[in-house]
Amino acid sequence: MRQEKSEVVIIGAGPSGAVAAGLLRKAGRTVTILEKEAFPRFVIGESLLPQSMEFIEAAGMLRDVVEAGFQFKNGAAFACGNQYACFDFRDKFSPGWGTTYQVQRGPFDKVLADAAQRMGADVRYNHEVTAIDVEGEKPVVTVRPKDGEPYQITGEFLLDASGYGRVLPRLLDLEAPSGLPVRQAIFTHIEDRIARNAVAEFDRNKILISVPPDETDVWFWLIPFSNGRSSIGVVGRKEQFDSRDDRTQLLDRVSRTPNLAALLENAVWDTPVRHIVGYSANVKALYGRNFALLGNTTEFLDPVFSSGVTIAFKSSDLAVKALLKQLDGEPVDWQQEYAKPLMVGVEAFRSFVTSWYDRRLQELIFLPGKKPEVTRMISAVLAGYAWDEKNPFVSKPERRLVSVKAACELAA
């Protein structure tokens with residue numbers, strides 16, 4: 001079997017893999033990316049959060065993203081019956097980017113991967129990782145190209161950015177239960193044909209999260225793109241869906257949700273409807289001997305606050321900082337320098353996800369009379385600044401959710 005070498009081997013050319021490659025290439029390191037699929041390919045997770053821009057910029061890919069012409073995004077809107085709440089990410093507690101983009105992930109991921117390639121990363125599509133050996137001094141990866149003979153590549157370090165593919169968790173028995181209920185998402189892309197100003201309180205610059213008043217643990221996303229199309233999806237517990245086909249169920253639920261039915265009355269449903277069941281995941285460890293897990297390979301919570309790509313970018317940033325020290329011969333404590341700081345934001349998002357489904361956060365979002373500083377704190381987390389521990393909703397999220405809601409109700 002042919003043998004190759006690379007300083008850093010990355011599994012997966014998605015957002016976390018591409019940004020990690022960009023950061024490594026800026027430091028002059030040799031990088032090989034192994035991607036099972038051909039790009040572009042369909043994937044959801046299309047509403048970026050503003051803090052993502054910090055990592056895109058640091059990786060040297062900002063111009064590539066800006067010039068791609070994606071839909072501008074400056075916030076998030078929430079609707080439930082007659083209730084409506086809007087958060088402008090430019091007005092938030094934490095400093096940093098307040099705007100970002102809503103993207104069709106096929107083109108977006110390809111933009112990032114192309115940028116990594118432009119910067120000198122060796123990006124190999126249709127190259128599937130079939131085996132991993134991390135017991136030796138250096139990790140050895142066995143690869144099967146779609147067209148060609150299998151080969152092995154040895155690196156100084158291995159980063160798993162395979163996302164839902166979860167290559168290392170599967171091959172190294174690192175999978176762990178998520179602890180979150182099994183939920184299902186049904187989704188598609190549509191030509192939305194939403195007339196400008198035709199419906200009050202709709203803004204293409206914001207993701208719209210809609211909740212049926214009679215089923216508050218179900219929610220819809222509507223993510224407008226720059227080309228007149230949108231991503232539309234519904235999320236609920238598995239048992240809240242029936243045996244009908246995905247398209248029938250999604251159309252039926254949209255038709256029974258008044259604000260969405262009005263927005264999408266002229267929409268063209270021209271793309272196959274898909275579903276994912278049991279998407280939440282966790283792992284036993286975020287790193288090991290000369291390897292680390294990035295992005296959705298580590299833990300995926302829930303799509304409700306679009307945190308997936310931001311967590312992916314943050315994991316790449318933290319892991320590369322630690323890895324560059326290690327490649328330079330410096331001692332690295334991966335628990336303190338990677339796993340622990342990464343989980344600060346993951347836990348903040350987890351509190352938001354949990355309190356969304358038990359309605360505490362929903363009630364706070366729609367509660368009238370919130371103080372401006374409370375809105376700005378919530379806005380900061382929704383904008384992706386879940387690692388800013390100066391924000392009480394990050395440092396003590398559960399306590400803050402309870403105390404703020406009680407104070408707002410008392411003042412009302």
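The values are calculated or read from the model by the stated rules, or taken from the named source; none is laboratory data. A quick note: this is a predicted structure, and the numbers were derived from the prediction, not measured. Using ideal geometry, Cβ is built from the backbone for each residue, glycine included, and neighbour counts are taken over all protein chains shown.
Beta carbons closer than 8 Å, at least 6 apart along the sequence or on distinct chains, pair a first residue in the stretch 30-42 that is at pLDDT 95 or above with a second that is of a type in the set (S, T, Y) and part of a strand (DSSP E or B) for T30/S6; V31/S6; T32/S6. Within the stretch 163-178, does at least one residue satisfy the condition of being crowded, with 18+ Cβ neighbours inside 10 Å and assigned to a strand (DSSP E or B)? No: the stretch 163-178 contains no residue that is crowded, with 18+ Cβ neighbours inside 10 Å and assigned to a strand (DSSP E or B).
Is it the case, given these coordinates, that G106 is of a type outside the set (K, R), more than 14 Å from V19 (Cβ to Cβ) and assigned to a helix (DSSP H, G or I)?
Values: of a type outside the set (K, R): yes; more than 14 Å from V19 (Cβ to Cβ): yes; assigned to a helix (DSSP H, G or I): yes.
The answer is yes for G106.
Taking helices (runs of 4 or more DSSP H) as the structural unit, those lying wholly within the stretch 367-412 and holding at least 2 residues that are modelled with pLDDT of 95 or more and buried (at least 20 other Cβ atoms within 10 Å of the Cβ) correspond to 372-382. Can you find, within the stretch 309-353, the residue that is farthest from V8 (Cα to Cα) among those that are touching a residue at least 12 places away in the same chain (Cβ under 8 Å) and among the acidic types (D, E)? The selected residue is E347.
Would you pick out the residues in the stretch 248-288 that are exposed (fewer than 14 other Cβ atoms within 10 Å of the Cβ), touching a residue at least 40 places away in the same chain (Cβ under 8 Å) and more than 30 Å from A161 (Cβ to Cβ)? Of everything in the stretch 248-288, those that are exposed (fewer than 14 other Cβ atoms within 10 Å of the Cβ), touching a residue at least 40 places away in the same chain (Cβ under 8 Å) and more than 30 Å from A161 (Cβ to Cβ) turn out to be R256, A262, N266, V268, D270.
Identify, please: which residue in the stretch 122-149 is more than 29 Å from the chain's Cα centre (by Cα) and more than 23 Å from D173 (Cβ to Cβ) and is, among those, surrounded by the fewest Cβ atoms within 10 Å (Cβ to Cβ)? Applying the filter and picking the extreme gives D147.
Working only within the stretch 182-201, note down all residues that are modelled with pLDDT of 85 or more, in contact with a helix residue (DSSP H, G or I) (Cβ under 9 Å, 6 or more places away or on another chain) and in a loop (DSSP other than H, G, I, E, B). Give the derivation first.
So the first thing to find is which residues in the stretch 182-201 are modelled with pLDDT of 85 or more, and the list is 182-194.
With in contact with a helix residue (DSSP H, G or I) (Cβ under 9 Å, 6 or more places away or on another chain) added as a condition, the list becomes 182-188, 192, 194.
Listed by number, the residues that qualify are V182, D192, I194.
Just give me the residues in the stretch 257-300 being touching a Pro at 6+ places or on another chain (Cβ under 7 Å) and within 18 Å of I186 (Cα to Cα), in sequence order. Result: T257, single match. Residue count for the stretch 368-387, restricted to those that are in contact (Cβ under 8 Å) with a residue 60 or more places away in the chain and either hydroxyl-bearing (S, T, Y) or farther than 16 Å from R350 by Cβ (or both): 8.
Residue-by-condition table, conditions (1) among the hydrophobic types (A, V, I, L, M, F, W, C); (2) at pLDDT below 95; (3) under 18 Å from N391 (Cβ atoms):
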| position | (1), (2), (3) |
| --- | --- |
| D328 | no, no, no |
| P331 | no, no, no |
| W334 | yes, no, no |
| A339 | yes, no, no |
| R350 | no, yes, yes |
| Y357 | no, yes, no |
| L361 | yes, yes, yes |
| L364 | yes, yes, yes |
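For the stretch 227-334, list the helices (runs of 4 or more DSSP H) that sit wholly inside it and hold at least 2 residues that are in the same structural domain as P139 (by TED's automatic domain parsing); which are they? In the stretch 227-334, the matching helices (runs of 4 or more DSSP H) lie at 308-327.
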